[in-house]
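Take a look at the structure below.
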Amino acid sequence: MSNPQRGDGTRCVHAGSAPAVPGVPLGPQPVLAAPYHLAHYADGSDFYGRASNPTWRALESALGSLDGGESVAYSSGMAAISSLLRTVLGAGDTVVLPSDGYYLARSYVREHMSALGLDVREVPTAGPWSPDLVRGARLVLLETPSNPGLDVCDIAEITEWAHAEGALVAVDNTTATPLGQVPIELGADFTVASDTKAVAGHSDVVLGHITAADADWAARLRAERTASGAVPGPFEAWLAHRGLGTLDLRLSRQAENAAAVYRALREHPAVTGLRWPGAAADPAHPIAARQMRRFGGVITFTLHNAPAVEAFLSRSTLIASATSFGGLHTSADRRARWGDAVSPGLLRLSCGCEDPEDLVADIRKAL
Ligand SMILES: *Cc1c(COP(=O)(O)O)cnc(C)c1O
């Protein structure tokens, strides 16, 4: 069987790159501009920094080529998700949201879109799914693997049911990354993601994007972005594009670390609820193996209680206590502290790019 990851390194390094021109740098450069010099008559060139920017276009071209559609970059993952919701949903529409996905997507709909009188239907990612759950919906937002529980759902099957109802499907692909899963190839209409996580990958950028399968939707989203002003800074877009070049390398090391940590935690008496969709024994593995191209470095497990987590983290020398994932540094987040409806001892561990031997030794010592 051919390696599904083959070509990922080349695609990441060259995604969104410009033709070779003598005297021009190899990579894209940040263009920091508010107004641009104007032509005498509108000629489609850049005129103002909220409407367009060449550094965004380079990043969007890279992400679009990996996601299989047309990308629109935003100032954060939530800027992308909220822009999608505002653009797609109208008064009285039905929206299906993951009950166990990123919590702000739900609270944005409930607290900031309440005037639309939406019918909000929350469904756990692991289902059980049926056509009834998407009946009459305008938009179905999936998040697979879900954050933080790492459950998965069958994108192709749910999309088929949703499309039969005339619903649009968006997949939050933050945890999977564009190398791990291509929702648009599985039939979805939109991929949304927080590029703050693995895509930028160095814990120094907040950014997001939507990729639309359909160019008309991309144009509508871009118009909404210009009007709402949820635009990325050019410097952040440039940093994310720079980070994207090593996504394949970083994900490979992170997945290697996750597999090693999973093996070490599997037999440990202090650990319960160990989850990693990449493990053959994980309940999410059958669907994940079917629709994902590779697995990342995020695993979830549960220790006895909150003090046990605090003791574990304070004894570790390599794990940063931090609330993000997908970065170079291994980090861990006790999700209950943010109000996720999970056990107080549940920890989301994001394996970084350290050496597997060092990481496993540190975790054994800390446990
Ligand atoms: C972090 C995250 C978001 C929000 O992204 P920001 O860049 O922090 O706004 C959305 N969805 C998922 C799955 C996330 O992990």
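The values are calculated or read from the model by the stated rules, or taken from the named source; none is laboratory data. Everything numeric in this text was worked out from a predicted model, so none of it was measured. Please note: Cβ atoms are built from the backbone with ideal geometry, for glycine as well, and neighbour counts cover all protein chains shown. What goes into the accessible areas is simple: the full protein's heavy atoms, side chains included, and nothing from ligands, DNA or RNA. Shrake-Rupley method; radii C 1.70, N 1.55, O 1.52, S 1.80 Å.
Listed values, structure above:
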quantity: Candidate set: region 154-176, residues that are in contact with a Lys or Arg (Cβ under 8 Å, 6 or more places away or on another chain) and within 16 Å of the ligand (Cβ to nearest atom); chosen: the one nearest to T302 (Cα to Cα); calculated: T175
quantity: Selection from region 332-356 of residues that are closer than 17 Å to A258 by Cβ and either among the aromatic types (F, W, Y) or touching a residue at least 40 places away in the same chain (Cβ under 8 Å) (or both); calculated: D333, L346, L347, R348, L349, S350, C351, G352, C353, E354, P356
quantity: Pairs, first over 12 Å from D214 (Cα atoms) in region 182-203, second among the charged types (D, E, K, R) and more than 9 Å from the ligand (Cβ to nearest atom), C-beta under 6 Å, six or more apart; calculated: G201/R250
quantity: Qualifying residue in region 263-271 (condition: crowded, with 22+ Cβ neighbours inside 10 Å and either within 20 Å of the chain's Cα centre (by Cα) or in contact (Cβ under 8 Å) with a residue 24 or more places away in the chain (or both)); calculated: no
quantity: Filter result for D100 (buried (at least 23 other Cβ atoms within 10 Å of the Cβ), in contact (Cβ under 8 Å) with a residue 24 or more places away in the chain, within 14 Å of the ligand (Cβ to nearest atom) and more than 30 Å from A237 (Cβ to Cβ)); calculated: no
quantity: Checklist (1) open to solvent by 60 Å² or more (accessible area, probe 1.4 Å); (2) within 28 Å of R106 (Cβ to Cβ) applied to A280, failing item; calculated: (2)
quantity: Selected residue (only one of F312, F301, F295, F325 is touching a residue at least 12 places away in the same chain (Cβ under 8 Å), in a helix (DSSP H, G or I), closer than 30 Å to V205 by Cβ and not small (G, A, S)); calculated: F312
quantity: Residue pairs meeting the criteria (Cβ under 8 Å; at least 6 apart or on separate chains; first without any contact (Cβ under 8 Å) to a residue 60 or more places away in the chain, in region 46-61; second open to solvent by less than 60 Å² (accessible area, probe 1.4 Å) and in a helix (DSSP H, G or I)); calculated: D46/P54
quantity: Residue among E224, E185, E236 that is within 14 Å of the ligand (Cβ to nearest atom) and modelled with pLDDT of 95 or more; calculated: E236
quantity: Test: residue in region 347-356 that is in a loop (DSSP other than H, G, I, E, B), in contact with a Lys or Arg (Cβ under 9 Å, 6 or more places away or on another chain), open to solvent by less than 10 Å² (accessible area, probe 1.4 Å) and at pLDDT 95 or above; calculated: yes
quantity: Candidate set from region 311-339 (those that are open to solvent by less than 20 Å² (accessible area, probe 1.4 Å) and within 18 Å of the chain's Cα centre (by Cα)); member that is farthest from the ligand (Cβ to nearest atom); calculated: T330
quantity: Where a residue in region 130-153 is closer than 25 Å to A322 by Cα and within 11 Å of the ligand (Cβ to nearest atom) and its partner, wherever it lies, is open to solvent by 10 Å² or more (accessible area, probe 1.4 Å) and of a type in the set (S, T, Y), with Cβ under 7 Å and at least six apart; calculated: E143/Y102; P145/T175; N147/Y102; N147/T174; N147/T175
quantity: Region 39-56: number of residues that are in contact with a strand residue (DSSP E or B) (Cβ under 9 Å, 6 or more places away or on another chain) and open to solvent by 40 Å² or more (accessible area, probe 1.4 Å); calculated: 2
quantity: Single condition G68 does not satisfy, out of (1) open to solvent by 10 Å² or more (accessible area, probe 1.4 Å); (2) under 19 Å from the mean Cα position of the chain (by Cα); (3) within 16 Å of the ligand (Cβ to nearest atom); calculated: (3)
quantity: Members of region 118-142 that are surrounded by 16 or more Cβ atoms within 10 Å (Cβ to Cβ) and in a loop (DSSP other than H, G, I, E, B); calculated: L118, T125, A126, W129, A137, R138
quantity: Residue in region 113-127 that is more than 18 Å from T191 (Cα to Cα), within 12 Å of the ligand (Cβ to nearest atom) and not acidic (D, E) present; calculated: no
